[in-house]
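Below you'll find the structure, written out as structure tokens, and then a few comments.
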Amino acid sequence: MIQALGASQGIAIGKAFVLPHWEWELPDQKIDVADLAKEFDRLYEGIRRSKTEISQMKTELDEAVGAQEASIFDAHLAILEDPVFMNEIQGIIQRQYKVAEVAVKEAIDHFVTMFDLLDDEYMKERALDIKDVGNRLLKHLLGAPEISLPEDTQPFVLVVRELSPSQLVHLKPELVLGIVTMVGSPTSHSAIMARAFGIPLVMGAEGKLEQPIVTGDLLIIDGETGMLQVDPTPEMVARYTEMRRRLIAQKEQLLKLAEVPSVTLDGVSLTLAANISSLKELEAALANGAQGVGLFRTEFLYMDRTHFPSEEEQFEVYRTAVQKLKGETLVIRTLDIGGDKQLDYYEMPEEENPFLGFRAIRFSLERRDLFKIQLRAVLRASNYGDVKIMYPLITSVEEVREANAVLDEAKRELQEEGVPFRGGIKTGIMVEVPAAVAIADILAEEVSFFSIGTNDLIQFTLAVDRMNEKISHMYEPFHPAILRMIRTVAQAAKAKGIPVNICGEIAGDVNALPIWLALGIDELSLSAQAILPVKERLLRAKASDSRSLLERLFRCGTAKEARELARQFHAETALAPGGANPLA
């Protein structure tokens, strides 16, 4: 059994189809000076055809999974228009008298090598985009057929060294049981698209296989845990077949709860809202019974494109989202770029520690022109339903007041222009740094709601990068310091009479549910997949029982003790009298 990286949930069992690498036979010849113009014409024609093809793929993906995922191909079009990339190719042709295809291959190799050497996961992922675009251009220059997938076979598990978005968009989901890649990151474009298609994906198997996988090998993969088994025993196949059947049946059963109110046995309501980054994710969340959106990550409207989105582009997305919610609340977080979220078309300053640098609200307050464009779009969308604004990475009262000042400017402009918007739009903040926790009582005087961003709060408080394998085990949501910080924020919110939301992976942990009930948390903001499992547990819980657990939790000295206590409480109360299964 091989342990790789889980990148898209689900279990797949089937025979492997190994996709061969891109391999080109390039002409070993030089050109005459007189042929330079002809070679440039070939290059430009190849670029034109590549752009047309990429645009067609974008349209196909838009129809299949939505515009947000399809915008990945805007980044590919941008590469073909990038003057640095194009100048490199043209320079090789002009200075070294090489044919266009050789120049393209050398330019690809140059940039891919340069990006791969950088200690930056985002840039490594962009190297795959360059390779993908370059190979498409080479295909047209050489007149070679594109490597295709089998269409007349039984469904298969696709195995590939690295999967490009261009290859993934041509997959027929009904034929692809799952995907295994030798290299890649769960944050890559391909992983994002696989999750959108609902295809199980395991990445990073390189160096862990005793021998290469060949077409026809029987595979089992678990896209959640990252498990990969080659040539499993009949007993293992039977076990995972049953696991897969149970997972599918469980999902079907949970869907029955989508319309059931999220209320405990003793009558305590807890709103279960969704985290989304696109309209497609919103549809999935609503299908799972989401009661509004607690976090709309708007930075994904800015990424994987060639320019900042206009006010009109943003307005259309926000308006569509609020209309789909039909009266439920839409909380829009303003632009949160920087750190690991970069823009292809805007060069952020080089920083030794970008996670503690020029990002999120700091960027917005520096680039108030862009900030105001976003706020105007949000305000206009508020005319169509219940919209709230949330500022990220707040560390001081001054930042809240400065952000609200820009909001007031946007309101005045829209009023002067006669553009309608909801005047009493509420503003809140992400509480995700220790500074905000320490002054939560002061900040509560400035805003209408809190959202505790537990992912960043844990990283900043414990000084742990959870992507760092050496210390990721120290990333612990049940650490006593984290539990106390959440309690501090909840108490400050309650004292002021403002609602408080929990956002982050721990919000979807059913073992943590009693903590939220005991603290009087008003809302959980969850991924679409986490909503129904949490609701199923909530429906057979009693808030009154949770208070005794909270007292014991805050006496725990270690994260291990707290986690085990929460787990035991969950196990004991899940089948306790009065806690009958709502699906029974």
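Every number in this text was worked out from the coordinates using simple rules, so none of it is lab data. These figures come from a predicted structure and were not determined experimentally. Methodologically, a virtual Cβ is constructed for each residue, glycine included, from the backbone with ideal geometry; neighbour enumeration extends over all protein chains shown.
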> Residue by residue through the range 487-492, which ³J(HN,Hα) values in whole Hz follow from phi under the Karplus form 6.51 cos²θ - 1.76 cosθ + 1.60 (θ = phi - 60°), with glycine and proline marked x?
Replying inline: 4, 4, 5, 4, 5, 5
> Among the GluC sites (Glu not before Pro) within the range 334-363, which fall in a DSSP loop and have no more than 11 other Cβ atoms within 10 Å of their own Cβ?
Replying inline: 347, 350, 352
>> How high is the relative contact order of the range 222-354? Use alpha-carbon pairs under 8 Å, at least six apart in sequence, and give a whole percent.
In response: 20 percent
> What angle do you read, to the nearest 10 degrees and between 0 and 90, between the alpha-carbon axis of helix 36-65 and the longest principal axis of the chain?
Replying inline: 30 degrees
> Taking the Cα-to-Cβ direction at residue 326 and at residue 242 and moving 7 Å from each Cα, how far apart do the two end points lie in nm?
Replying inline: 4.1 nm
> Relative contact order of the chain: what whole-number percent is it, with Cα pairs under 8 angstrom and at least 6 residues apart?
Replying inline: 14 percent
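Express in % the proportion of alpha carbon pairs of the range 156-251 at distances exceeding 23 Å. Before the final figure, lay out each step's value.
Details: 1068 of 4560 pairs.
Across the range 156-251, Cα pairs with separations above 23 Å total 23 percent.
Give the percent of DSSP beta bridges with both residues in the chain that are antiparallel, rounded to the nearest 5.
Values: 18 of 57 bridges.
Within the chain, antiparallel bridges account for around 30 percent of the total.
In this model, which of 251/560; 280/324; 30/105; 388/542; 496/542 are farther than 19 Å apart at the alpha-carbon?
Details: 251/560 30 Å; 280/324 11 Å; 30/105 15 Å; 388/542 30 Å; 496/542 26 Å.
251/560; 388/542; 496/542, as the Cα separations exceed 19 Å there.
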> What ³J(HN,Hα) values, in whole Hz, does the Karplus curve 6.51 cos²θ - 1.76 cosθ + 1.60 give for the range 427-435 when θ = phi - 60°, with x put for Gly and Pro?
Replying inline: 10, x, 9, 7, 9, 9, 10, x, 4
> By per-residue mean of other Cβ atoms within 10 Å, what is the highest-first order of 478-487, 85-94, 524-533?
Replying inline: 524-533, 478-487, 85-94
> What residues qualify as long-range amide H neighbours of residue 501, i.e. H under 5 Å apart, gap of 5 or more or another chain, H built at 1.01 Å from N?
Replying inline: 450, 451, 452
> So which GluC sites (Glu not before Pro) in the range 404-469 pass both tests, a DSSP loop state and at most 14 other Cβ atoms within 10 Å of the Cβ?
Replying inline: 445, 469
> What distance in nm separates the simple spin-label points at residue 351 and residue 255, each placed 7 Å from Cα in the Cβ direction?
Replying inline: 4.3 nm
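Hey, fewest Cβ within 10 Å first, where do 297, 367 land in order? Walk me through the numbers before you get to the answer.
Numbers: 297 17, 367 14.
With the fewest neighbours first, 297, 367 line up as 367, 297.
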> Helix 543-553 sits at what angle to the longest principal axis of the chain, using alpha carbons and giving 0 to 90 degrees rounded to 10?
Replying inline: 80 degrees
> For the range 218-357, what is the largest minus smallest coordinate of the Cα atoms on each principal axis, given in angstrom and ordered from greatest to least?
Replying inline: 55, 45, 27
> Leaving out same-chain residues fewer than 8 places away, which lysines sit with a Cα under 18 Å from that of residue 256?
Replying inline: 535
> Which lysines have a Cα less than 23 Å from the Cα of residue 15, not counting those fewer than 8 places away in the same chain?
Replying inline: 172, 208
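Taking 0.36 nm per residue of sequence separation and subtracting the Cα-Cα distance, how much length would be gained by fully extending the chain between residue 106 and residue 29, in nm to one decimal?
Numbers: separation 77, 0.36 × 77 = 27.72 nm, distance 1.43 nm.
Using 0.36 nm per residue and subtracting the Cα-Cα distance, I get 26.3 nm.
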